[in-house]
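Undergrad: Submitted below is the structure of interest, expressed as structure tokens.
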Amino acid sequence: MKKLALHWKIIIGMVLGILFGFLMNSIEGGRLFVGNWIAPLGKIFINLLKLIAVPLILASLIKGVSDLKDISKIRTMGLRTISIYMATTLIAIIIGLGIVNTVKPGEGMPESTIEKIKARYANDAGVKDKLMKASMQKEAGPLQPLVDIFPSNIFKSFADASMLQVIFFALFVGICLLLIEEEKAKPLIAFFDSLNEVVMKMVDLIMLFAPYAVFALLANVIIAFDDTEILIKLVYYALCVVVGLTIMVGVYLLLIRVYAKKSPLWFLKQISPAQLLAFSTSSSAATLPVTMERVEEHLGVDKEVSGFVLPVGATVNMDGTSLYQGIAAVFIMQVIWPEGLTFTNQMVIIFTALLASIGSAAVPSAGMVMLVIVLESVGFPAELLPIGLALIFAVDRPLDMCRTVINVTGDATVSTLVAKSLGKLHEPKPKAWDDNYTPVK
Ligand code: ASP
């Protein structure tokens, strides 16, 4: 395994994990074995990635901002980042709506299939959990997301891994470091510089474990599938999402080619480990440390850009999620509430899916919670909501895995574009992964 590139090792781990999952599914007691003895390895890996996310954001952003020398650059970077994020998300939703309205995967679904899905999933604990989380989200006032950016206790923000609060704190510290005397700022900057190096090395070491962890994660995903018959019935809907997501990758690669003047294939190769992890973990937050490492060391984006653009992106930029929400909302309406499919409602979906993807947490299945809010915004009958979610529940996990890849790819693309526009994109000096555990002399 030594000479293989990291992404190949991860791919082999994934394929073996899938095969092992199917094998265990067919053996008595296999699922229990995977649950007890294999799945915890994946959990340990995700825990380790989450462990380093907060120190990484803190160190790289404080160090990055204090290197900027000019506070007005932060404003330019912030405005560009948010505008490009909004633009790519809008493109994603429009692609999604275009596909679902052309293919119409929900039209003509036999009543018997709907009944079967309803019976299987409408009272499922997972569906109920999504509906409950959505109603909690709704109870907050309209400006609550803004209030939530400003922490009152930074240790609580660290403990909860509240990304936007940590970003705010890091920016605040970074800016103040620029405003105080250089002599006084130096020790703290040196501290965060050193912390940043240490955490980056932690990413390298954790990634050595990635091929085994993805094996565990995927085996665990496979044993959760029990109803392949329903999966097949939803194949058109699932294909619409996958095709939409693929088109979105095309949009990113075009931007990379035209604006950043980089080869799309090179770009994909550099970020592939982050994409594969996004697929295996279904969480852009868990993938964040790896995305940051790839973007800084392998794409050549400067820390001050990646340290800001990527954590913000993991929280607010979810192109894959918004594309999925557009398709899922219209699909559900095509099946059980066709009278709601007016032009105005589709416009409302564009707007709410944009906001919903910003509000979705970067964790597995968060997109489905916010889908409830998208549906409610068009006046979808409340009593049909459990059936609506039940319709798409069976395929949600595989689609979640795919949309998370797009969320992460979108963040990497936008950080490259912002870096290019600020003259902060340099020739990368990648270190080979295998070299990274040999101590530096
Ligand atoms: N799992 C997605 C992410 O972490 C969010 C979602 O669409 O459910 O990016």
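The values are calculated or read from the model by the stated rules, or taken from the named source; none is laboratory data. Quick caveat: nothing in here was measured; it's all calculated off a predicted structure. Neighbour counts run over all protein chains shown; Cβ positions are idealised from the backbone, glycine included.
Undergrad: Under 9 Å between Cβ atoms, at least 6 apart or on separate chains: pull out the pairs that start in the stretch 234-247 with a residue that is farther than 13 Å from residue 323 by Cα and assigned to a helix (DSSP H, G or I) and end on any residue that is at pLDDT below 95 and among the β-branched types (Val, Ile, Thr).
TA: That search, which allows pairs on different chains as well, returns 235/395.
Undergrad: Kindly establish whether residue 272 is within 16 Å of the ligand (Cβ to nearest atom), touching a residue at least 24 places away in the same chain (Cβ under 8 Å) and touching a helix residue (DSSP H, G or I) at 6+ places or on another chain (Cβ under 9 Å). Please lay out each step first, then the result.
TA: Numbers: within 16 Å of the ligand (Cβ to nearest atom): no; touching a residue at least 24 places away in the same chain (Cβ under 8 Å): yes; touching a helix residue (DSSP H, G or I) at 6+ places or on another chain (Cβ under 9 Å): yes.
It is false that residue 272 is within 16 Å of the ligand (Cβ to nearest atom), touching a residue at least 24 places away in the same chain (Cβ under 8 Å) and touching a helix residue (DSSP H, G or I) at 6+ places or on another chain (Cβ under 9 Å).
Undergrad: Is it the case that some residue within the stretch 103-114 is surrounded by 14 or more Cβ atoms within 10 Å (Cβ to Cβ), of a type in the set (A, V, I, L, M, F, W, C) and not in a helix (DSSP H, G or I)?
TA: Of the residues in the stretch 103-114, the ones surrounded by 14 or more Cβ atoms within 10 Å (Cβ to Cβ) are 103-106, 109, 113-114.
If we keep only those that are of a type in the set (A, V, I, L, M, F, W, C) too, we end up with 103, 109, 114.
When the remaining residues are screened for being not in a helix (DSSP H, G or I), the result is 109.
The answer is yes, given that some residue of the stretch 103-114 is surrounded by 14 or more Cβ atoms within 10 Å (Cβ to Cβ), of a type in the set (A, V, I, L, M, F, W, C) and not in a helix (DSSP H, G or I).
Undergrad: If you go through the stretch 295-306 one residue at a time, do you hit one that is among the polar types (S, T, N, Q), touching a residue at least 24 places away in the same chain (Cβ under 8 Å), crowded, with 23+ Cβ neighbours inside 10 Å and within 16 Å of the ligand (Cβ to nearest atom)?
TA: Going through the stretch 295-306, the residues among the polar types (S, T, N, Q) turn out to be 306.
Okay, now just the ones that are also touching a residue at least 24 places away in the same chain (Cβ under 8 Å), so 306.
Okay, now just the ones that are also crowded, with 23+ Cβ neighbours inside 10 Å, so 306.
When the remaining residues are screened for being within 16 Å of the ligand (Cβ to nearest atom), the result is none.
Taking every residue of the stretch 295-306 in turn, none turns out to be among the polar types (S, T, N, Q), touching a residue at least 24 places away in the same chain (Cβ under 8 Å), crowded, with 23+ Cβ neighbours inside 10 Å and within 16 Å of the ligand (Cβ to nearest atom).
Undergrad: Exactly one of these conditions fails for residue 362: (1) in a helix (DSSP H, G or I); (2) within 14 Å of the ligand (Cβ to nearest atom). Give me its number.
TA: The one condition residue 362 does not meet is (1).
Undergrad: Related question: Looking at the stretch 250-261, can you tell me whether even one residue there is among the hydrophobic types (A, V, I, L, M, F, W, C), in a helix (DSSP H, G or I) and within 30 Å of residue 24 (Cα to Cα)?
TA: Going residue by residue through the stretch 250-261, those that are among the hydrophobic types (A, V, I, L, M, F, W, C) are 251, 253-256, 258, 260.
Next cut, in a helix (DSSP H, G or I) only: 251, 253-256, 258.
Checking the rest, the ones that are also within 30 Å of residue 24 (Cα to Cα) come to none.
Scanning the stretch 250-261 turns up no residue that is among the hydrophobic types (A, V, I, L, M, F, W, C), in a helix (DSSP H, G or I) and within 30 Å of residue 24 (Cα to Cα).
Undergrad: Looking at 148, 160, 193, 204 in this structure, which one is touching a Leu at 6+ places or on another chain (Cβ under 8 Å) and among the acidic types (Asp, Glu)?
TA: Answer to the check: 148.
Undergrad: Could you say which residue among 260, 213, 219 is over 20 Å from residue 4 (Cβ atoms) and touching a Gly at 6+ places or on another chain (Cβ under 7 Å)? Explain how you work it out, then say what you get.
TA: Numbers: 260 fails: touching a Gly at 6+ places or on another chain (Cβ under 7 Å); 213 fails: over 20 Å from residue 4 (Cβ atoms).
One residue alone meets the criteria, 219.
Undergrad: Could you pull out the residue among 117, 84 that is out of contact with any Gly (no Cβ under 7 Å at 6 or more places or on another chain) and closer than 30 Å to residue 210 by Cβ? Quick ask: steps written out before the conclusion?
TA: Values: 117 fails: closer than 30 Å to residue 210 by Cβ.
Sole residue among the options that is out of contact with any Gly (no Cβ under 7 Å at 6 or more places or on another chain) and closer than 30 Å to residue 210 by Cβ: 84.
Undergrad: Tally time: how many residues in the stretch 325-348 are under 13 Å from residue 93 (Cβ atoms) and within 16 Å of the ligand (Cβ to nearest atom)? So that I can check it myself, show each step before the final result.
TA: Within the stretch 325-348, the subset under 13 Å from residue 93 (Cβ atoms) is 325-330, 346-348.
Adding the requirement that they be within 16 Å of the ligand (Cβ to nearest atom) leaves 325-329.
Number satisfying all stated conditions: 5.
Undergrad: What residue, among those in the stretch 365-408 that are within 13 Å of the ligand (Cβ to nearest atom) and polar (S, T, N, Q), is surrounded by the fewest Cβ atoms within 10 Å (Cβ to Cβ)?
TA: 365
Undergrad: Related question: Looking at the stretch 316-324, can you tell me whether even one residue there is within 16 Å of the ligand (Cβ to nearest atom), closer than 30 Å to residue 372 by Cα and surrounded by fewer than 24 Cβ atoms within 10 Å (Cβ to Cβ)? Step through it out loud before you land on a result.
TA: If we filter the stretch 316-324 for residues that are within 16 Å of the ligand (Cβ to nearest atom), which is where we start, we get 316-324.
Next cut, closer than 30 Å to residue 372 by Cα only: 316-324.
Those still in the list that are surrounded by fewer than 24 Cβ atoms within 10 Å (Cβ to Cβ) too: 316.
For the stretch 316-324, residues within 16 Å of the ligand (Cβ to nearest atom), closer than 30 Å to residue 372 by Cα and surrounded by fewer than 24 Cβ atoms within 10 Å (Cβ to Cβ): present.
Undergrad: Out of 96, 126, 141, which single residue is assigned to a helix (DSSP H, G or I), within 30 Å of residue 54 (Cα to Cα) and not β-branched (Val, Ile, Thr)?
TA: On the way: 96 fails: within 30 Å of residue 54 (Cα to Cα); 141 fails: assigned to a helix (DSSP H, G or I).
The unique qualifying residue is 126.
Undergrad: Report the residue count in the stretch 10-33 for those that are over 20 Å from residue 277 (Cβ atoms) and in a helix (DSSP H, G or I).
TA: Qualifying residue count, the stretch 10-33: 9.
Undergrad: Quick check on my filter: what residues within the stretch 134-170 are surrounded by 11 or more Cβ atoms within 10 Å (Cβ to Cβ) and of a type in the set (S, T, N, Q)?
TA: Result: 135, 137, 144, 157, 162, 165.
Undergrad: Still on this model: In the set 186, 133, which member is touching a residue at least 40 places away in the same chain (Cβ under 8 Å), out of contact with any strand residue (DSSP E or B) (no Cβ under 8 Å at 6 or more places or on another chain) and basic (Lys, Arg)?
TA: Details: 186 fails: touching a residue at least 40 places away in the same chain (Cβ under 8 Å).
Being touching a residue at least 40 places away in the same chain (Cβ under 8 Å), out of contact with any strand residue (DSSP E or B) (no Cβ under 8 Å at 6 or more places or on another chain) and basic (Lys, Arg) holds for just one of 186, 133, which is 133.
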